[in-house]
């Protein structure tokens, strides 16, 4: 997973630096003003590497400029839980961890690894975030995680040239999307590029359909395994998804090629030098690949429409994100808590928003901080969804079911892409795998 501030925002930031307070109403973040943490060092661990790590470093540098604290960032790779556990056992726990999954945050809290967030951070979350983000950062009513970076996973990206050539406009319903896909196909390109080699993309397809078709209450129940995967609503969503998977007109190269296409490859099939499809579904981070790898200008050469409503449901908004937590075994917990107070401000979010490749769930962040109109629209959609946002379901599940390559939900949905003829059988396989993982 993978710029300018307005004068007003810059003025707010300048004022905040002068007063030792957050820009534009976010609440105070420094203890005593000035370089209050000079001589101290905060260690931060997270999954980010490459451009994401480079852009997060700008946030760390801004915190250093504000407080005097030095920072050290360690990239954990995808297996955050194992890396952090090893560091704790070795007596070298980081002060702050950026946790990418709700399930991992809950795991850390239940192991007793986390400190509750400070009162100032809690006040900022109450004032600046939809309550759903507080809920996802809390365990048993205690707030442990501050969601700093979010993903909008209900965006369908398309080539404006491909849709124009086919004479179709961005659809607002799922059925209309499939109909538009057939029209695109008749004009010479497949409708969709599907990244079936990466099972997580298939879980995202399912989650958007399920949230829209079954509704948020059922979504929450399934995410917590309070209803079984054999529930009729799951079978219905799989049947809906299967209509797309089995239609060779709609998928570039058919099911076999889709199963051999990874996420970057799926973006290349739409925005690369030899387009094979007009559309690709995935999160807002598609824009980063289209721009950085294929030189597309976002809003002109690449654009998106919201994942459309399914049946009589509402258009879904599925999200993911990275939450900052403070470890009990960290050596500098006071400074770590102040770092999270800073991350809760629109000032901190603006630093990465200007750099690109970032969305913030902080509704106080000025949308002008984002560098292009498409990113602004994506961020606006995420914030406007408020409490109707639902976190990626597979990220809420135990990793054995929702987050492991070659097993669990990823593998079963890949099998379903290969042969979507038996939605009930697929639902039964999902339930069997989920039951084992949740018991474990």
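The values are calculated or read from the model by the stated rules, or taken from the named source; none is laboratory data. Remember, predicted model here, so these are calculated numbers, not experimental data. Cβ coordinates were reconstructed from backbone atoms using ideal geometry, including for glycine residues, and neighbour counts include every protein chain displayed.
Computed values, structure above
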| read-out | value |
| --- | --- |
| Residues located in the stretch 361-416, provided they are in a helix (DSSP H, G or I), over 22 Å from residue 138 (Cβ atoms) and in contact with a strand residue (DSSP E or B) (Cβ under 9 Å, 6 or more places away or on another chain) | 373, 374, 375, 377, 378, 379, 381 |
| Breaking point among (1) in contact with a helix residue (DSSP H, G or I) (Cβ under 8 Å, 6 or more places away or on another chain); (2) more than 30 Å from residue 217 (Cβ to Cβ); (3) at pLDDT 95 or above, for residue 344 | (2) |
| Selection within the stretch 121-142 - outside any helix (DSSP H, G or I) and over 21 Å from the mean Cα position of the chain (by Cα) | 140, 141, 142 |
| Residue match in the stretch 224-232 (condition: part of a helix (DSSP H, G or I), out of contact with any strand residue (DSSP E or B) (no Cβ under 8 Å at 6 or more places or on another chain) and modelled with pLDDT of 95 or more) | yes |
| Odd one out for residue 201 among (1) in the same structural domain as residue 296 (by TED's automatic domain parsing); (2) buried (at least 21 other Cβ atoms within 10 Å of the Cβ); (3) touching a strand residue (DSSP E or B) at 6+ places or on another chain (Cβ under 6 Å) | (3) |
| Filter result (closer than 15 Å to residue 173 by Cα and in contact with a strand residue (DSSP E or B) (Cβ under 6 Å, 6 or more places away or on another chain)) within the stretch 280-306 | 281, 304, 305 |
